[in-house]
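The values are calculated or read from the model by the stated rules, or taken from the named source; none is laboratory data. Only a predicted model underlies this, so the values are computations on that prediction, with no experimental measurement involved. Note: ideal-geometry Cβ built from the backbone for every residue, glycine included; neighbour counts use all protein chains shown.
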Amino acid sequence: MIASVVRVPWHTTHGGYDRLLDHLPQVRRITPPVGPLATTAARAAHRLLAQRCPLPFYPAEHFATDLHLLASCEAAHVLYGDEQYWFARHRLGPTAVTYHQPPAHLKQLLPPETWRRLAPTAEHIVVLDSHQQAFFTDLVPCERVHLVPHGIDTTAFTPPPWPPSWDRLRVLTVGWWLRDWEVLDAVHERLYRRYGGGVELIVVTRQASRRPWHPAARVLEGITEQRLIALYRQAAVMLLPLIDASANNALLEAMACGAPVVATDVGGIRYYAGRGRAAVLTPPGDAAAAAEAVEQILAETGTAAHAVRRAAAREQAELFAWPSVAEQMRDLYRLLEER
């Protein structure tokens, strides 16, 4: 069994979907070749063939791993189908493909007729939430579409060993993809007007210089994993305004570190956040509802009610610990290898 891995940039070493393979030691990883000759050859072939790939993001590294897949007849798992699964559809061995993007984004990725040709070429499709499942069961038989959740490293992302000191009320936002920046700015403005310097607004993101931020927000980029974990642990609340989502790394990381979450109720967020005290979900685009939810949790900070939320967040994250997710994936691999 082999798996095609192209590391998707994220803030942490222990975050990201490819951490699944840490718990599947029997699976051999295929990664982009290293060295000047391998890189030059891959780029030359990529220049010739990439124009025939309709995926909007298909760099030479993706193509290089596809070449390995095409040359092998072993059962294979393409971990990031949204960015990589195109030429490998011609391979002879059985293939499982995981898709990460929500249905609306998948529809923008490729036209319907292309999806109708592409999706059936994979023996099995792995999705991360039920909305994706519905998208793909319109394209292939339902028994070939499997909901196997995204996971989280609950040994790396952990609550603090002792209760944090709440000298300031910290509101943390992490990430960049499909974030609702208008809601974030509106919530930041309302919180600043109410609390002034008593609230600390922190944003960890990529390409921090690409947009204006609220003047009171402290925007961080390129921080270490240890620093990010410390921020999760110190957060009174994690604010996650979203346009859309399937799974979400930041949501799982925050909950694993015991941070209560206010997130937008879109896509697969409810599936991962649960219906308990771990998270408050607010309607899409509703900045007032998001601000009220954040203020409610801030008002509880340091109380028994806040401690209950923090414990519930950790408990919810443990449902998606990688060993459990890997066991579900092993069941799918058995189906794939029996073909």
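Taken over region 55-80, the criterion of being modelled with pLDDT of 85 or more, within 23 Å of His100 (Cα to Cα) and of a type in the set (A, V, I, L, M, F, W, C) is satisfied by Leu55, Leu69, Leu70, Ala75, Ala76, Val78, Leu79.
In region 1-54, the residue that is modelled with the lowest pLDDT out of those that are more than 30 Å from Phe320 (Cα to Cα) and part of a loop (DSSP other than H, G, I, E, B) is Gly35. Within region 162-189, restricting attention to residues that are surrounded by fewer than 16 Cβ atoms within 10 Å (Cβ to Cβ) and in a loop (DSSP other than H, G, I, E, B), the residue that is farthest from the chain's Cα centre (by Cα) is Asp167.
In region 210-231, the qualifying residues are those that are β-branched (Val, Ile, Thr) and without any contact (Cβ under 8 Å) to a residue 60 or more places away in the chain, and the one that is farthest from Ala254 (Cα to Cα) is Val219. The set of residues from region 71-83 being buried (at least 22 other Cβ atoms within 10 Å of the Cβ) and either under 16 Å from Leu139 (Cα atoms) or in contact with a strand residue (DSSP E or B) (Cβ under 6 Å, 6 or more places away or on another chain) (or both) comprises Ala76, His77, Val78, Leu79, Gly81. Taking the listed residues His100, His146, His131, the one that is assigned by TED's automatic domain parsing to the domain that holds Thr13, part of a loop (DSSP other than H, G, I, E, B) and under 19 Å from the mean Cα position of the chain (by Cα) is His100, with no other qualifying.
Close contacts from region 263-281, counting a first residue that is in the same structural domain as Leu252 (by TED's automatic domain parsing) and closer than 16 Å to Leu252 by Cβ and a second that is acidic (Asp, Glu) and surrounded by fewer than 18 Cβ atoms within 10 Å (Cβ to Cβ), with Cβ to Cβ under 9 Å and a gap of 6+ residues or different chains, come to Thr264/Asp286; Ala273/Asp265; Gly274/Glu315; Gly276/Glu315; Ala278/Glu315; Leu281/Asp265.
Against the definition (closer than 18 Å to Thr173 by Cβ, touching an Asp or Glu at 6+ places or on another chain (Cβ under 9 Å) and crowded, with 20+ Cβ neighbours inside 10 Å), how does Gly285 come out, yes or no?
Spelling it out, it is not the case that Gly285 is closer than 18 Å to Thr173 by Cβ, touching an Asp or Glu at 6+ places or on another chain (Cβ under 9 Å) and crowded, with 20+ Cβ neighbours inside 10 Å.
Residue pairs whose Cβ atoms lie under 9 Å apart, separated by 6 or more positions or on different chains, with the first residue in region 234-252 and free of Cβ contacts under 8 Å to residues at least 60 places away in the same chain and surrounded by 24 or more Cβ atoms within 10 Å (Cβ to Cβ) and the second outside any strand (DSSP E or B) and of a type in the set (A, V, I, L, M), are Leu251/Ala245; Leu251/Ile269; Leu251/Ala273; Leu251/Ala317. Inspect region 190-206 for any residue being of a type in the set (Asp, Glu) and surrounded by fewer than 17 Cβ atoms within 10 Å (Cβ to Cβ) and give the result as yes or no. Checked against the condition, which is being of a type in the set (Asp, Glu) and surrounded by fewer than 17 Cβ atoms within 10 Å (Cβ to Cβ), region 190-206 yields no hits at all.
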